[in-house]
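Visitor: Please find one structure pasted underneath; my questions will follow.
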Amino acid sequence: MSEIRYAGRNTIEVNGPIVEHIPVLAGTLTEQITLPPDGVMVDATIGQGGHSYLFGKTLGPEGVLIGLDANKEAVRRAQFKLKDLACKVILIHCNFSHIAEQVHKQGIEKVDFILADLGVSSVQLSDVEMGLSFLEDAPLDMRFDKRLKTTAADIINNTDEKALADLIYKFGQDRGSRRIARFIAQQRKSEPITTTGQLANIVCRALGRPGRKRRTRIHPATRTFQALRIAVNNELENLEKLLVSASDIVKRNGYIAVVSFHSLEDRLVKNNFKQNEKGGIYRLITKKPIVPGRDEIAENRRARSAKLRIAQKQ
Ligand SMILES: C[S@@+](CC[C@H](N)C(=O)[O-])C[C@H]1O[C@@H](n2cnc3c(N)ncnc32)[C@H](O)[C@@H]1O
């Protein structure tokens, strides 16, 4: 288990360095969405509890905040962050694809607000045990939930070259996918690829580009790592399940808000919201996605690719 120490309100020390997680588009979300004091909110991606803390503060003792996260460590961190809220806080280590059954298990039929802030938190990116970052040499894992059987290393070492190229192309949209897969297949003949550093080096060699030199340049391995993370955690399928359940369990006049970080996620959200709008189920609060302004991006680099869509149940 990683060593976690709380170094301040939004700041956590994970295995050494201090990591801050700033909730993305938090100001916009709290401006757009007001909960009744006795409201029920489900934060489908509780993470470090940043967004939940802001909304939770607006709930009274009759209010309920249900937080889900596929990552057990995240649930533990959020517990700490949310411990002083006046409302009832229920935190559950589970995938958000099970949102409906988890809400119903609490004896709650419908909720006022569902928030999903997708992807990973800054703390998780810096947690070497999660094996998500190419900037640290760590075991090639990438599972949000350690109960999953397949790691990124399993996929990299056991998937045939063509299927691997397809995966990197489909989930990473990397035009160098065939070359990357060829280099991986070649390399794993001599030894298994088991660390993030090994994989990042192979991708850099395949693309003929050095690793990240400047903070502003995107690292050549970014897309391959994204593809693997999506595959390991079955991210797109789980998001689709969440979106389908959300339209059932949000109350009339209640809200669903999704913050996504790449076009594959955003497309699913956009299509689901549009379809529900056509069916008279949703009213779109955001016709176009809301993106963070320059100031927010300057303060929080993770925000740079964020897109927020909000719908209201009719
Ligand atoms: C960007 S962070 C959320 C940060 C949070 N909004 C905050 O302000 O602290 C995303 C979280 O979603 C979790 N997650 C990703 N996919 C999930 C899924 N399918 N089910 C449940 N949790 C998921 C990750 O483990 C991570 O903790």
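The values are calculated or read from the model by the stated rules, or taken from the named source; none is laboratory data. Everything numeric here is computed off the predicted structure, so don't read it as measured data. Positions of Cβ are generated from backbone atoms using ideal geometry, with glycine treated the same way; all protein chains shown enter the neighbour counts. For accessibility, only protein heavy atoms count, side chains too; no ligands or nucleic acids. Shrake-Rupley method; radii C 1.70, N 1.55, O 1.52, S 1.80 Å.
Visitor: Only residues that are touching a residue at least 40 places away in the same chain (Cβ under 8 Å) and either over 15 Å from LYS146 (Cα atoms) or in a strand (DSSP E or B) (or both): list them for segment 70-80, please. Before the answer, list the steps.
Guide: Here is the first cut: in segment 70-80, the ones touching a residue at least 40 places away in the same chain (Cβ under 8 Å) are 70-74, 76-77, 80.
Listed by number, the residues that qualify are ARG77, PHE80.
Visitor: Could I ask something else about it? Do the conditions hold for LYS88, that is, is it at pLDDT 95 or above and within 17 Å of the chain's Cα centre (by Cα)?
Guide: In short, no.
Visitor: Among the strands (runs of 3 or more DSSP E) contained in segment 195-314, which hold 3 or more residues that are open to solvent by less than 10 Å² (accessible area, probe 1.4 Å) and farther than 17 Å from PHE171 by Cα? Show your work before the answer.
Guide: Numbers: elements: 250-260, 282-284, 307-313.
Because the criterion is at least 3 residues that are open to solvent by less than 10 Å² (accessible area, probe 1.4 Å) and farther than 17 Å from PHE171 by Cα, the strands (runs of 3 or more DSSP E) in segment 195-314 that meet it are 250-260, 307-313.
Visitor: Next question, about the same structure. Could you check ALA86 against (1) within 13 Å of the ligand (Cβ to nearest atom); (2) out of contact with any strand residue (DSSP E or B) (no Cβ under 9 Å at 6 or more places or on another chain) and say which number it fails?
Guide: Evaluating ALA86 over (1) within 13 Å of the ligand (Cβ to nearest atom); (2) out of contact with any strand residue (DSSP E or B) (no Cβ under 9 Å at 6 or more places or on another chain) leaves (1) as the failure.
Visitor: Residues of segment 302-314 being within 14 Å of the ligand (Cβ to nearest atom), in contact (Cβ under 8 Å) with a residue 40 or more places away in the chain and not aliphatic (A, V, I, L, M), which ones? Reasoning before the result, please.
Guide: Step one: filter segment 302-314 for residues within 14 Å of the ligand (Cβ to nearest atom), giving 302-308.
Subsequent filtering for residues that are in contact (Cβ under 8 Å) with a residue 40 or more places away in the chain retains 302-303, 305-308.
Selection gives ARG302, SER305, LYS307.
Visitor: Taking GLU101, is it of a type in the set (Asp, Glu), over 30 Å from ARG294 (Cα atoms) and either within 15 Å of the chain's Cα centre (by Cα) or modelled with pLDDT under 95 (or both)?
Guide: On the way: of a type in the set (Asp, Glu): yes; over 30 Å from ARG294 (Cα atoms): yes; either within 15 Å of the chain's Cα centre (by Cα) or modelled with pLDDT under 95 (or both): no.
Spelling it out, it is not the case that GLU101 is of a type in the set (Asp, Glu), over 30 Å from ARG294 (Cα atoms) and either within 15 Å of the chain's Cα centre (by Cα) or modelled with pLDDT under 95 (or both).
Visitor: Among the listed residues THR30, THR34, which satisfies the condition of being more than 8 Å from the ligand (Cβ to nearest atom), assigned to a helix (DSSP H, G or I), open to solvent by 40 Å² or more (accessible area, probe 1.4 Å) and of a type in the set (Ser, Thr, Tyr)?
Guide: Numbers: THR34 fails: assigned to a helix (DSSP H, G or I).
So the residue among THR30, THR34 that is more than 8 Å from the ligand (Cβ to nearest atom), assigned to a helix (DSSP H, G or I), open to solvent by 40 Å² or more (accessible area, probe 1.4 Å) and of a type in the set (Ser, Thr, Tyr) is THR30.
Visitor: Can I ask one more? For a quick check of your reading of the model, give me the residue pairs whose first member lies in segment 134-151 and is under 14 Å from ASN238 (Cβ atoms), whose second is assigned to a loop (DSSP other than H, G, I, E, B) and within 16 Å of the ligand (Cβ to nearest atom), with beta-carbon atoms closer than 7 Å and at least 6 apart or on different chains.
Guide: Note: pairs meeting the criteria are ARG143/THR151; ARG143/ASN233; PHE144/ALA70; PHE144/ASN71; PHE144/ASN233; ASP145/ALA70; ASP145/ASN71; ASP145/ASN95.
Visitor: Which of (1) assigned to a loop (DSSP other than H, G, I, E, B); (2) more than 12 Å from the ligand (Cβ to nearest atom); (3) open to solvent by less than 10 Å² (accessible area, probe 1.4 Å); (4) hydrophobic (A, V, I, L, M, F, W, C) is the odd one out, the single condition LEU65 does not satisfy?
Guide: For LEU65, the failing item is (1).
Visitor: Farther than 21 Å from ALA246 by Cα, within 8 Å of the ligand (Cβ to nearest atom) and crowded, with 21+ Cβ neighbours inside 10 Å: which single residue out of ALA74, ALA70, ALA44 fits that description? Before you say what the answer is, go through the steps one by one.
Guide: Values: ALA70 fails: farther than 21 Å from ALA246 by Cα; ALA44 fails: farther than 21 Å from ALA246 by Cα.
Selected residue: ALA74, the only one of ALA74, ALA70, ALA44 that is farther than 21 Å from ALA246 by Cα, within 8 Å of the ligand (Cβ to nearest atom) and crowded, with 21+ Cβ neighbours inside 10 Å.
Visitor: If a residue has to be open to solvent by 20 Å² or more (accessible area, probe 1.4 Å), within 13 Å of the ligand (Cβ to nearest atom) and assigned to a loop (DSSP other than H, G, I, E, B) to count, how many in segment 106-140 make the cut?
Guide: Number of matching residues: 1.
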